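These notes are about the structure you will find just below.
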Amino acid sequence: MAETYIIRIGDIPSRKIRKRVRGFLEDEDVAVVVNNGQTFGVILEKNQLIIKSDDL
């Protein structure tokens, strides 16, 4: 089963951090690898960070 996490950009407490996150994710492929080796893709969609498992 694929895991998906959604974080609203407005939930990030600092305007400066929100701007940095948007700039970092803009036009880039971003992935997060956790300790057990599982990989998650990260996209910005409709003012939300979508973190979705890349399991095939």
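The values are calculated or read from the model by the stated rules, or taken from the named source; none is laboratory data. Fair warning: this is a prediction, and the values are worked out from it, not measured in the lab. Every residue, glycine as well, gets a Cβ built from its backbone with ideal geometry; the counts of neighbours run over all protein chains shown.
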Those residues of segment 6-30 which are at pLDDT 90 or above and assigned to a strand (DSSP E or B) amount to ILE6, ILE7, ARG8
Picked from segment 14-56 (must be in contact (Cβ under 8 Å) with a residue 12 or more places away in the chain and small (Gly, Ala, Ser)), the residue surrounded by the most Cβ atoms within 10 Å (Cβ to Cβ) is SER53
